[in-house]
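Novice: Below are the structure tokens for one structure; questions will follow.
Each reported figure results from applying straightforward, stated rules to the coordinates on display, with no laboratory input. Fair warning: this is a prediction, and the values are worked out from it, not measured in the lab. Don't worry about glycine lacking a Cβ; one is built from the backbone with ideal geometry, like all the others, and counts go over all protein chains shown.
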């Protein structure tokens, strides 16, 4: 394998700096969120998260080292492996809080549904590479697309993890709409989903319905399901303009804020750093997303554009949904905040995705063989 | 294949340009939406939500004040606060509750099942709220728990101040005891500003002066975490300790009375006749008030409340007895004042007095012969007083009884006082729907029959004879002062009334009382002391009608129907400064049972007085020698 010197010249340092900045803030914030747990057994989560970042960086290097066109070539295989892991969860998965989401090997637990988010993006890129039709797509192709999405969607829903499965669908449709569809298909999908949406209510578990209801009115059950969102809003709002100071957030340090290392990690940041800190964080996220769009636009080929677009929207939707959720704009669904929430699978997959962005970015000038 | 390759190289990214421009706006708008919401929450609602976060973490906790102390007149401490140690467990702080309980049980030689029961008895509780496992552990156990604290995670020792009654049962009836406020008391209007876990006085001075003793609670602003666990103290308002009380009692004299009174049941009161101050007040049997501190064990409460001798009753203020011969002085006063007799009027006593078909007897079967009033009091001749009673009539007797303070409360600063009973014709009609019988007046004239008095009423009446006719309100509380010593309230002696007696009448009565002790045939002769100048009167109050033949020996009579023995005295004769009343329930004759007790108390009082004077002289001498030295230094 001959290594092109231009790959180094064109390496996307800016992207690396942006991602390292966010991950650094994430670690700092996680230290604060876990500060009050001093003395509890096991390693603190920020240390664990640092390990995950290291693993993620290795995978990131792997992801930009291999030419993305080779990855595209094996896209369906990669997606199939990811679906196989998802399938294994049903047999080998660990059950926590009533749902089966985790695979554990050698002490590492891994969430295949996170991996699926990324492999679906790759598989879709491959699909559009093979089926370019400028005038939109026919139902025949749409059925293949549905198959790519429906299998993981249903499996994740069975775990059950409604939030992640809906997220997968959201990401899927984002890419599909980006590529364009015939108007009548768009209309029929809209019609079908508006009919199916109320049906969702009936397949939802009780706790999921509780979440929707308490989203609509958090004070309905302030000590039960509404508790999370009320405490989150108090934490964020009480931060004010300048915040309460690092390690000084009372909502966080006195544990009034639930799930503060995972889903509600943003509230920790907002409480301690205030509007000023949050503004900076949002600015960095926006930079990352716009940078991702730039990479997508500058790609030499369609799969590059699509992967870059998919990965960027993956990050965008997670940021938007997670922050919207802790701000009380959306119901509580288990979507992590990229690079800030504690979670090995999420971190590793995000960094791998960033690796793909770098892959596409550094090869924008490379002529095809 | 080639065509496909071409397509790739022909790829024109520009065709997505419009879409990316739209996306850029969409993404920016989405993030702007989030920023707007953040602005709303953090800037517009920031202060409200900051307040809510403070409310989350800050709790106000009550800090209980120390209860006021109680001293005797000389400043000796009677009731103190001392630490008591409780052991409690916070289950959240230990992983192995059973193990901890077992180790604790082993260390303290206690039944672990017992402890586990206590733990499981608590069903509903908030997290991090300690469960009380053991109350009031001794210092030995405390040392064990403290040294093994590392092996007993989750276990904590609380220090709770409890009352220490220095004199135990000797002063229980005066000082009382405390306990947690009951549901009934909480519902009472009087306790409306009390809280459910307050300690309140339940009896005695503790109860009477509870409002002064309890103090004012302080508060602590504490930071808690989500589980309510106290993390730090942010602010504190110190509690104000309760006021200290000084009583008029002399603890040494009280102890002397307690030691002198070796009988089963009865009362001793020592009063300063000059101002009505109580110097000692005991009631026997008594109880140990220290047992009530942390909630009295059920079985002890049972045995106390079911005891036939009722140790929970303060006989000095709520025991009601026939005054017996002690009543004769009131009859004599009435007779002299009403002019029925003068001091020289003589009446013959042959041992009996007939009234209709009834015969009333004198305690001396042979009779006293021809006696005047002085002799009649000295020798306690019953027949003489039967005649006086007959001449005066029940209404006059009742009238003078009331003047001496019988039949109504003295309003001593203690709860539970009884009024006694002064019978009148009207009372008899209302009570029994029967008219007054002449014979009942005869019984009344020697303090038998319906008339009932409390020991406190008796000593007050005799103090009035001693001091020239002034009826004082009994004074138990001398002073209330803050913990720093600033006087809150000084209790000055209160005259209730002056008994309208002529000076001459008083002189006759006081001479007779002197005679009863100091003349050879006086009933209180046994009390005579060369050095003292004691005046007094014996009394024997019949519980059942006197046996006809009088043959039976005292000891053979069942306890319950034996006579009450009474004795009252004061000293010195002309300038009385101490009055003593002894009531021995079922003690037989006043002269033989009650008088010796009184004698020891009077002796003890004067010994103490001499001792105090000696101390005083010595301290004056010391002060003088100090000033000597200093003046020498000056030269």
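Novice: Rounded to a whole number of µm²/s, how large is the Stokes-Einstein D of segment A:62-119 at 25 °C and 0.890 mPa s, given Rh as the Kirkwood radius over C-alpha pairs?
Specialist: Values: Rh = 12.5 Å.
Value of D from the Cα-based Kirkwood radius: 196 µm²/s.
Novice: Hey, another quick one. List the residues of segment B:236-252 whose backbone N lies under 16 Å from a point placed 7 Å from the Cα of residue B:482 along the Cα-to-Cβ direction.
Specialist: Answer for this model: B:238-245.
Novice: Restricting everything to alpha-carbon atoms, can you work out Rg to Rh for segment A:1-95 with a Kirkwood hydrodynamic radius? Mind dumping the intermediate values first?
Specialist: Numbers: Rg = 18.5 Å, Rh = 16.9 Å.
The Rg/Rh ratio comes out at 1.09.
Novice: What distance in nm separates the two pseudo spin-label positions at residue B:309 and residue B:502, each 7 Å out from Cα along the beta-carbon direction?
Specialist: 4.8
Novice: A further question on this structure: Can you tell me the length gained on complete extension of the stretch residue B:149 to residue B:190, counting 0.36 nm per residue apart and subtracting the Cα distance?
Specialist: Separation in residues times 0.36 nm, less the Cα-Cα distance, equals 10.4 nm.
Novice: For segment B:13-89, with equal point scatterers placed on the C-alpha atoms only and solvent neglected, what are the log10 I(q)/I(0) values from the Debye formula at q = 0.10, 0.11, 0.15, 0.26 1/Å, to two decimals?
Specialist: These q points yield log10 I(q)/I(0) values of -0.64, -0.68, -0.83, -1.14.
Novice: If you rank B:435, A:361 by fewest surrounding Cβ atoms within 10 Å, what's the result? Don't skip to the end; give the middle numbers.
Specialist: Values: B:435 8, A:361 23.
Going from sparsest to densest Cβ surroundings: B:435, A:361.
Novice: Also, quick follow-up: With the Cα gyration tensor of segment B:478-538 giving a ≥ b ≥ c as the square roots of its eigenvalues, does the rule (a/c under 1.5 for rounded; else a/b larger than b/c for prolate; else oblate) give rounded, prolate or oblate? The partial results should precede the final answer.
Specialist: Numbers: a/c = 4.93, a/b = 2.00, b/c = 2.46.
It comes out oblate by the Cα gyration axes.
Novice: Let me ask something else about it. Report, for the protein assembly as shown, the % of DSSP beta bridges that are antiparallel, rounded to 5. It would help to have the intermediate numbers written out before the result.
Specialist: Details: 86 of 89 bridges.
Of those bridges, close to 95 percent are antiparallel.
Novice: Need one number: convex hull volume per residue for segment A:245-319, Cα atoms only, in Å³.
Specialist: 80
Novice: Taking the radius of gyration and the Kirkwood hydrodynamic radius from Cα positions alone, what is the Rg/Rh ratio for the protein assembly as shown, to two decimal places?
Specialist: 1.30
Novice: If I model a spin label as a point 7 Å beyond the Cα along the Cα-Cβ vector, how far apart are those points for residue B:107 and residue A:81 in nm?
Specialist: With each label point 7 Å from Cα toward Cβ, the separation is 5.8 nm.
Novice: Under the rule of -39500 (n - 2.57) per DSSP H run of 4 or more residues, summed and divided by the residues of chain B, what mean residue ellipticity at 222 nm is obtained, to the nearest 500 deg cm²/dmol?
Specialist: Counting only the DSSP helices, I get -11000 deg cm²/dmol.
Novice: Moving on. Taking only DSSP H segments of four or more residues, each worth -39500 (n - 2.57), what value at 222 nm results for chain A once the sum is divided by all its residues, to the nearest 500 deg cm²/dmol? Can you show the working numbers first?
Specialist: Working: 15 runs with 254 residues, N = 369.
Estimated from H runs of four or more residues: -23000 deg cm²/dmol.
Novice: Also, quick follow-up: Viscosity 0.890 mPa s, temperature 25 °C: Stokes-Einstein D of segment B:248-333 from its Kirkwood Cα radius, in µm² per second?
Specialist: 163
Novice: Over segment B:186-230, with a single point scatterer placed on each C-alpha, what log10 of the ratio I(q)/I(0) does the Debye formula yield at q = 0.22 1/Å?
Specialist: With no solvent term, the Cα-only Debye profile gives -0.82.
Novice: Calculate the FRET efficiency for residue A:131 and residue A:330 from the Cβ-Cβ distance with a Förster distance of 30 Å, rounded to the nearest 0.05.
Specialist: 0.35
Novice: Applying 1/(1 + (r/R0)^6) with R0 = 35 Å to the Cβ-Cβ distance of residue A:73 and residue A:47, what FRET efficiency is obtained, to the nearest 0.05? Kindly include the intermediate steps, with their values, before the conclusion.
Specialist: Working: r = 38 Å, r/R0 = 1.10.
The pair residue A:73/residue A:47 has a calculated efficiency of 0.35.
Novice: From the square roots a ≥ b ≥ c of the eigenvalues of the alpha-carbon gyration tensor of segment A:304-369, which class results: rounded (a/c under 1.5), prolate (a/b over b/c), or oblate? Please report the intermediate quantities before stating the final value.
Specialist: Values: a/c = 4.19, a/b = 2.31, b/c = 1.81.
In terms of gyration-tensor shape, prolate.
Novice: Could you work out how far apart the two model spin labels at residue B:66 and residue A:195 are, taking each label as a point 7 Å from the Cα in the direction of the beta carbon, and quote it in nm?
Specialist: 8.3
Novice: Any chance you could give the angle, 0 to 90 degrees and rounded to 10, that helix A:183-203 forms with the longest Cα principal axis of chain A?
Specialist: The angle comes out near 30 degrees.
Novice: For the residues B:494, B:206, B:299, A:259, what sequence is obtained by ranking on other C-beta atoms within 10 Å, fewest first? Intermediate results must be reported in sequence, preceding the final value.
Specialist: Details: B:494 12, B:206 28, B:299 8, A:259 18.
Exposure proxy ranking, most exposed first: B:299, B:494, A:259, B:206.
Novice: Let me ask something additional. Taking only the Cα atoms of segment B:267-396, how large is their convex hull per residue, in Å³?
Specialist: Once divided by residue count, the hull of segment B:267-396 is 179 Å³.
Novice: Per 20 Å bin, what is the whole-percent P(r) computed from every C-alpha pair distance within chain B?
Specialist: Answer for chain B: a P(r) of 15, 36, 24, 14, 5, 3, 2, 1, 0 percent.
Novice: Zone of residue A:21 (label point 7 Å along Cα→Cβ, backbone N under 16 Å): which residues in segment A:316-352?
Specialist: Answer for this model: A:339-340.
Novice: On to the next question. Can you give the convex hull volume of the alpha carbon atoms of segment A:146-209 per residue, in Å³?
Specialist: Residue-normalised Cα hull volume stands at 80 Å³.
Novice: Just want the ordering: B:20, A:177, from fewest to most Cβ atoms lying within 10 Å of their own Cβ.
Specialist: A:177, B:20
Novice: With Rg and the Kirkwood Rh both taken from Cα atoms, where does Rg over Rh land for chain A?
Specialist: For chain A, the value is 0.97.
Novice: Hey, with R₀ at 60 Å, roughly what FRET efficiency would residue B:139 and residue A:170 work out to, going by the Cβ-Cβ distance, to 0.05?
Specialist: According to the calculation, E is roughly 0.30.
Novice: Sticking with this one: Shape of segment B:342-431 from its Cα gyration tensor (a ≥ b ≥ c, root eigenvalues): rounded if a/c is under 1.5, otherwise prolate when a/b > b/c, or oblate?
Specialist: It comes out prolate by the Cα gyration axes.
Novice: Taking the C-alpha atoms of segment A:143-264, how large are the radius of gyration and the largest Cα-Cα span, Dmax, in Å?
Specialist: 19.2, 55
Novice: Bin by bin, in steps of 5 Å, what percent of the Cα pairs in segment B:155-230 do you find, going until the bin that has the longest distance?
Specialist: Result returned by the calculation: 3, 12, 18, 19, 16, 13, 10, 5, 3, 1, 0.
Novice: Residue B:390 to residue B:520: extension gain in nm, 0.36 nm per residue of separation minus the Cα-Cα distance?
Specialist: 43.9 nm
Novice: How big, on average over all directions, is the shadow cast by the Cα convex hull of segment B:156-296, in nm²?
Specialist: Directional mean of the projected Cα hull area for segment B:156-296 stands at 12.2 nm².
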